[in-house]
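Take a look at the structure set out below.
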Amino acid sequence: MPQPMIQTQELTKYYGDVKAVDHLDLTVYEGEIYGFLGPNGAGKTTTLLMLMGLTVPTSGTATVGGYDIVKDSREVRRIAGLLPEGAGYYEDLTAKQNLKYIGQLNDLPTPEIEKRSGDLLKVVGLAKWADTKVEKFSRGMKQRLGIAEVLIKEPKVAFFDEPTIGLDPQGTKEIRDVLIGLNKEQRLTVFISSHLLYEVQQTCQRVGIIREGKLTAADTIDNLSYRLARKEKMIEFELSEISPDLIQEIKNINGVTSVDRENHKLYVHMERDKSREVSETIMKHGATILLMKPKEYSLEEIFLEYYKEEV
């Protein structure tokens with residue numbers, strides 16, 4: 001079983017009277033890509049700053065790589081890297097010079113800096129621009145350089161705050177491919193804070209949804225989808241043929257609340273499980289059931305469900 005890389009217990013942060021993070025209990029395992037979701041102001045960035053040992057929690061505890069974020073904050077920063085949203089770069093220096101400077105700030109030996117800089121520029125696809133000044137880089141190229149800067153000290157865990165925001169589709173895909181590649185090849189634990197739901201769904205193995213500083217859900221996207229389908233009591237049927245009479249008869253089944261059609265699919269909403277009665281009705285009408293399963297929800301649908309007013 002993978003070991004926890006990040007663990008928080010009742011982690012809380014106040015700014016004056018404002019509670020930015022509220023009793024956060026979170027576990028991220030070694031070698032996974034974890035998505036931390038929420039709109040602006042939900043507490044994502046504050047959580048990242050605490051986990052990096054850059055701001056002190058008001059109460060609660062947390063560890064990163066086994067190190068306490070308050071007592072061992074220097075060790076946390078040694079094994080963890082952070083690419084903040086809107087990271088700054090030395091525009092008048094080349095990509096390689098930027099990396100060398102970051103390596104020096106991390107007290108790395110000069111031979112190591114030289115080797116790692118060259119290797120990392122290849123990893124992020126910037127090798128042929130190694131001697132180009134950063135002022136000539138696109139936003140996507142700067143983001144890739146930022147990833148290299150995070151990796152220069154060979155961290156065990158990397159935090160990324162909105163890594164693809166403002167990028168065009170090609171730049172977004174490039175960043176996604178780099179992060180997935182690093183995770184697979186180096187077993188790097190990746191923690192992505194974002195409100196770009198599609199990107200998180202394409203990249204992350206598990207997600208946590210934060211609202212007003214509180215973690216409202218945490219699991220794989222498949223499990224969250226299944227949980228929502230059971231709550232909504234909705235079954236998806238894919239049929240060989242669908243007639244208006246069939247739809248009407250399904251609607252007339254006691255316990256069925258509504259039926260939605262999408263091409264050869266029916267989404268049957270129920271107050272209680274009526275899948276057997278629905279199946280019998282379908283077969284009575286001479287249709288073949290090609291697929292029957294709980295509806296699969298997108299991450300956007302899951303997110304919106306957890307952001308309803310009553311949640």
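Shown is the FRET efficiency for residue 54 and residue 128, computed with R0 = 35 Å from the Cβ-Cβ distance and rounded to the nearest 0.05: 0.55.
Placing unit charges on C-beta atoms (Lys and Arg positive, Asp and Glu negative, everything else neutral), compute the dipole magnitude of the stretch 34-168 about its Cα centre in debye, rounded to 20. Could you put the intermediate results ahead of the total?
Values: 18 positive and 17 negative charges, 43 e Å.
My answer is approximately 200 debye.
For the options 244, 169, 84, a Gaussian network treatment of the chain with springs between C-alpha atoms closer than 10 Å singles out 244 as fluctuating the most.
Treat every Asp and Glu Cβ in the stretch 142-252 as -1 and every Lys and Arg Cβ as +1, leave all other atoms uncharged, and give the resulting dipole magnitude about the Cα centre to the nearest 20 debye. Walk me through the intermediate numbers first.
Working: 16 positive and 18 negative charges, 124 e Å.
Roughly 600 debye for the stretch 142-252.
Estimated from helices alone, the mean residue ellipticity of the chain at 222 nm is -11000 deg cm²/dmol (sum of -39500 (n - 2.57) over DSSP H runs with n ≥ 4, per residue). Past the 26 Å Cα-Cα mark, which pairs from 44/265; 122/156; 184/265; 19/231? In this structure, 44/265; 184/265; 19/231 exceed 26 Å between Cα atoms. I'd like the FRET efficiency for residue 292 and residue 195, computed as 1/(1 + (r/R0)^6) with the beta carbon distance as r and R0 of 25 Å, rounded to 0.05. The calculated FRET efficiency here is 0.15. Would you kindly state how much longer the chain becomes between residue 265 and residue 238 on full extension, computed as 0.36 nm times their sequence separation minus their alpha carbon distance, in nm to one decimal? The span from residue 265 to residue 238 would gain 9.3 nm if fully extended.
Throughout, read-outs are computed from the coordinates displayed, never taken from laboratory work. Because the structure is predicted, anything quoted here is derived from the model rather than measured. As a convention, Cβ positions derive from the backbone with ideal geometry for all residues, glycine included, and neighbour counts pool all protein chains shown.
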